[in-house]
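**Student:** Questions regarding the structure given below will be posed in turn.
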Amino acid sequence: MKVVVFCKSVPDTETRVKLKDNRLDKSEIKYILNPYDEFAVEEAVRMKEAGKVDEVVAISMGPERAREALRSALAIGADRGILIKDDVLDGSDTYVTAKVLVKALEKDGAEYGMLLFGQQAIDGDTWHVPGQVAEMLGLPQAGSIIKLEVDPDAGKAVANRLVEGGEEVHEMSLPCVVTCRKGLNEPRYPSLPNIMKAKRKPIQDYSIADLDLSPEEVGKAGSFTEVLSYSLPPKKEAGRKVEGEPEEVVQALVKFLKEEIKVI
Amino acid sequence: MSVWVIADQRNGALRKPAFEALSEGRRLADQLGTNMEAVLLGHNVEGLCNEIASYGADKVYLIDHELLASYNPPAYARAIGDLIKEKRPQIVLMGGTMTGRDLMPRVAARVGAGLAPDCIKLEIVDGKLKATRPAIAGKVRVEIGYKSDIQIAILRPNVFEKLEPNTSRSAEVEKVSLEPSDLDTKQKLVEFVSKETGRPELTEAETIVSGGRGMKAPENFAIIEELADLLGAAVGASRAAVDAGWRPQSDQVGQTGKTVSPNLYIAVGISGAIQHLAGMSSSKFIVAINKDPDAPIFNVADFGVVGDLFKVVPLLTEEIKKIEAQEG
């Protein structure tokens, strides 16, 4: 059984975000493999190590820098990568992204047992693409999972979704879509030999022409939504800070809670 | 060209984000001079229609079927998506519960419509929806415009104001049938493992008391829990406290945990790493208690207490108890 993991190159959390003409100024951003995708890659590689999966394929759509995200996935243990890279993809919304990923799956051959995603990418934070891909392919899906058991012979998976007040346990037939989050596993730090080995693993490049898509179907032109503008959130005014004897500071805090924001 | 709201229920009870979405749907419908209509899915849930009407729905589409008794993503998406394709509302809203965030992408893909998640503001501009949402860990705000005729949005819980219900209102109820399909049988919710604490859900709580590395040991969270219970608050935790095994994963607030927007967030012994701020900086009021005067949490706090949390928190609990006793 082959499984596919979807990987996104995203700005490092520590990056300071700057705007230029209401657009993101990307010049000084440092990029990493989306941390949520690490849980997905780790889970796929563990399935392979447990003998349940024969091959782990990592797919990314993005500019050239997304190759580094794929290399990170290959260093964790994915077998090969696919990079969908085309200038006309710039400005694609999540619907277009899902459409392109589905095309790439078709191109690569459709005999996958599972599609694994991160629950969200830490830049867009939409949580959209996995569900959109699942619907386009008519597959069952379990989002935000913290436990997964796969039985390839029975063609089944059982996944626990972390939801409000507990866990939903979903039983699905394969192939299925899962989205991974913290609590599912502890992603490993790739060893130096594995990082070196990852450099020799194959990455296949696809343009949109390779996927039988036209420029009008992707990017801004093919999207249902568009970003009108970016702005910085309103700056919070500096609050008060009190220091002193516990009795005094607590009195001041109680006064704030009672008289100013009226919660007690 | 009406405004629709998917009214999220679980175990026969409507969820708080559903009321917020209904209320916002009513406001948008009034702006557009059109109807607000709700979609209710489940099994044996017809009794909820009156409550939905009291939040301003003119009509309720009721899809009541065994298959929909618990959350089934393919079946839910098919039921809602096909109804949208048939009736073609202009706007479709749903509250950002774990169901809403999971389900609406499927619905939007089925319909072929634009979707904006985690919205904190919705407006009508030139007759179309415009959505505002945070992105990149809350560091930017993004304004999203739609090109599709049908415009779908997911609302961040605890942001949109809930209307006062008007129980004299009633709504027309239209029952919609659902024909089972092969896809529905590919998935089944087989069990719900309850982890109820008796406290409010983090994403829906008015007040949250969170503890971090400064708590030093899991048993010390007792003082957080006592304060939280006094305030009717949820208990949260920083990543450090979760990674140390002091609190369950479901309590984590921040980038790899939950995003919350309570009225009041009390951060106890939390330094305020950027990953934590990403999950709570949209709280209306923030109180920080920390012994380090340079902790970054103070940069976002409306009220900061520099001091020993093990003295300050129990004293605060005591003082609040006194006030409540006085006020009876």
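The values are calculated or read from the model by the stated rules, or taken from the named source; none is laboratory data. Quick caveat: nothing in here was measured; it's all calculated off a predicted structure. Note: ideal-geometry Cβ built from the backbone for every residue, glycine included; neighbour counts use all protein chains shown.
**Student:** So which strands (runs of 3 or more DSSP E) are wholly in segment B:262-328 and hold at least 3 residues that are at the interface with another protein chain (Cβ under 7 Å from one of its Cβ atoms) and touching a His at 6+ places or on another chain (Cβ under 9 Å)? Write out each step before concluding.
**Tutor:** Numbers: elements: B:264-268, B:285-290, B:303-306.
It comes to none.
**Student:** Any idea how many residues of segment A:169-208 are without any contact (Cβ under 8 Å) to a residue 60 or more places away in the chain and either on the phi > 0 side of the Ramachandran plot or of a type in the set (A, V, I, L, M) (or both)? Steps first, please.
**Tutor:** Pass one, segment A:169-208, residues without any contact (Cβ under 8 Å) to a residue 60 or more places away in the chain: A:169-173, A:183, A:189, A:191-193, A:196, A:200.
Filter once more, so that each one left must be either on the phi > 0 side of the Ramachandran plot or of a type in the set (A, V, I, L, M) (or both): A:169, A:172, A:183, A:192, A:196.
Adding up the residues that qualify gives 5.
**Student:** Among the listed residues B:Ser181, B:Ser148, B:Ser168, identify the single one that is surrounded by fewer than 21 Cβ atoms within 10 Å (Cβ to Cβ) and in contact with a strand residue (DSSP E or B) (Cβ under 9 Å, 6 or more places away or on another chain). Reasoning before the result, please.
**Tutor:** Values: B:Ser181 fails: in contact with a strand residue (DSSP E or B) (Cβ under 9 Å, 6 or more places away or on another chain); B:Ser168 fails: in contact with a strand residue (DSSP E or B) (Cβ under 9 Å, 6 or more places away or on another chain).
Selected residue: B:Ser148, the only one of B:Ser181, B:Ser148, B:Ser168 that is surrounded by fewer than 21 Cβ atoms within 10 Å (Cβ to Cβ) and in contact with a strand residue (DSSP E or B) (Cβ under 9 Å, 6 or more places away or on another chain).
**Student:** Inside segment B:230-252, can you point out the residues that are buried (at least 20 other Cβ atoms within 10 Å of the Cβ), of a type outside the set (A, V, I, L, M), free of Cβ contacts under 8 Å to residues at least 40 places away in the same chain and not in a strand (DSSP E or B)?
**Tutor:** Correct list: B:Ser238, B:Arg239, B:Trp246, B:Arg247.
**Student:** Give the residue, chosen from A:Asp12, A:Asp37, that is within 14 Å of chain B (Cβ to nearest Cβ), surrounded by 24 or more Cβ atoms within 10 Å (Cβ to Cβ) and in contact (Cβ under 8 Å) with a residue 12 or more places away in the chain.
**Tutor:** Details: A:Asp12 fails: surrounded by 24 or more Cβ atoms within 10 Å (Cβ to Cβ).
Being within 14 Å of chain B (Cβ to nearest Cβ), surrounded by 24 or more Cβ atoms within 10 Å (Cβ to Cβ) and in contact (Cβ under 8 Å) with a residue 12 or more places away in the chain holds for just one of A:Asp12, A:Asp37, which is A:Asp37.
**Student:** So how many residues does segment A:232-254 have that are loosely packed, with under 13 Cβ neighbours inside 10 Å and either in contact with a helix residue (DSSP H, G or I) (Cβ under 6 Å, 6 or more places away or on another chain) or touching a residue at least 12 places away in the same chain (Cβ under 8 Å) (or both)?
**Tutor:** 1
**Student:** Check segment A:42-51 and report whether any residue there is surrounded by fewer than 22 Cβ atoms within 10 Å (Cβ to Cβ) and either of a type in the set (Ser, Thr, Tyr) or assigned to a loop (DSSP other than H, G, I, E, B) (or both).
**Tutor:** Yes, the conditions are met somewhere in segment A:42-51.
**Student:** If you don't mind, there's one more thing I want to ask. For segment A:130-156, what are the residues that are more than 10 Å from chain B (Cβ to nearest Cβ) and within 17 Å of B:Tyr71 (Cα to Cα)?
**Tutor:** Across segment A:130-156, the qualifying residue is only A:Ile145.
**Student:** Between A:Leu257, A:Leu192, which is farther than 30 Å from B:Pro314 by Cα and more than 7 Å from chain B (Cβ to nearest Cβ)? Lay out the reasoning, then the answer.
**Tutor:** Details: A:Leu257 fails: farther than 30 Å from B:Pro314 by Cα.
Unique residue meeting the criteria: A:Leu192.
**Student:** Please tell me if A:Val178 is modelled with pLDDT of 95 or more, touching a Phe, Trp or Tyr at 6+ places or on another chain (Cβ under 8 Å) and more than 8 Å from chain B (Cβ to nearest Cβ). So that I can check it myself, show each step before the final result.
**Tutor:** Details: modelled with pLDDT of 95 or more: yes; touching a Phe, Trp or Tyr at 6+ places or on another chain (Cβ under 8 Å): yes; more than 8 Å from chain B (Cβ to nearest Cβ): yes.
When the stated conditions are applied, A:Val178 passes them.
**Student:** Can you tell which of B:Leu93, B:Leu103 is within 14 Å of chain A (Cβ to nearest Cβ), buried (at least 24 other Cβ atoms within 10 Å of the Cβ) and touching a helix residue (DSSP H, G or I) at 6+ places or on another chain (Cβ under 6 Å)? Show your work before the answer.
**Tutor:** Values: B:Leu93 fails: within 14 Å of chain A (Cβ to nearest Cβ).
Matching residue, one of B:Leu93, B:Leu103: B:Leu103.
**Student:** Follow-up. Quick check on segment B:147-156. Is at least one of its residues closer than 30 Å to A:Leu228 by Cβ and of a type in the set (Ser, Thr, Tyr)? Talk me through it step by step, then tell me what you get.
**Tutor:** First, pick out the residues of segment B:147-156 that are closer than 30 Å to A:Leu228 by Cβ: B:147-156.
Now narrow it down to the ones that are of a type in the set (Ser, Thr, Tyr): B:148.
The answer is yes, given that some residue of segment B:147-156 is closer than 30 Å to A:Leu228 by Cβ and of a type in the set (Ser, Thr, Tyr).
**Student:** Right, another one. Please enumerate the residues belonging to segment B:3-28 that are touching a Ser or Thr at 6+ places or on another chain (Cβ under 8 Å) and surrounded by fewer than 24 Cβ atoms within 10 Å (Cβ to Cβ).
**Tutor:** Matches in segment B:3-28: B:Arg10, B:Arg15.
**Student:** Can I ask one more? For B:Leu230, only one of the following conditions fails: (1) in contact with a Lys or Arg (Cβ under 7 Å, 6 or more places away or on another chain); (2) within 30 Å of B:Asp82 (Cα to Cα). What is its number?
**Tutor:** B:Leu230 satisfies every listed condition except (2).
Residue by residue, here is whether (1) modelled with pLDDT of 95 or more; (2) touching a helix residue (DSSP H, G or I) at 6+ places or on another chain (Cβ under 9 Å); (3) part of a loop (DSSP other than H, G, I, E, B) holds:
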position: A:Ser60; (1), (2), (3): yes, yes, no
position: A:Glu64; (1), (2), (3): yes, no, yes
position: A:Arg67; (1), (2), (3): yes, no, no
position: A:Ser72; (1), (2), (3): yes, yes, no
position: A:Ala78; (1), (2), (3): yes, yes, yes
position: A:Ile82; (1), (2), (3): yes, yes, no
position: A:Tyr95; (1), (2), (3): yes, yes, no
position: A:Val100; (1), (2), (3): yes, yes, no
position: A:Leu105; (1), (2), (3): yes, yes, no
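**Student:** Moving on to the next point. Residues in segment A:114-160 that are under 19 Å from the mean Cα position of the chain (by Cα) and small (Gly, Ala, Ser): how many?
**Tutor:** 9
**Student:** State the number of residues belonging to segment B:123-153 that are touching a Ser or Thr at 6+ places or on another chain (Cβ under 6 Å) and either aromatic (Phe, Trp, Tyr) or free of Cβ contacts under 8 Å to residues at least 24 places away in the same chain (or both).
**Tutor:** Going through segment B:123-153 one residue at a time, the tally reaches 3.
**Student:** Within segment B:109-141, which residues are at pLDDT 95 or above, facing chain A (nearest Cβ under 7 Å) and not in a strand (DSSP E or B)?
**Tutor:** Selection gives B:Ala109, B:Arg110, B:Ala113.
**Student:** Something else about it: Quick one: would you say A:Val5 is touching an Asp or Glu at 6+ places or on another chain (Cβ under 8 Å), closer than 20 Å to A:Lys182 by Cβ and of a type outside the set (D, E, K, R)? Explain how you work it out, then say what you get.
**Tutor:** Values: touching an Asp or Glu at 6+ places or on another chain (Cβ under 8 Å): yes; closer than 20 Å to A:Lys182 by Cβ: yes; of a type outside the set (D, E, K, R): yes.
Yes.
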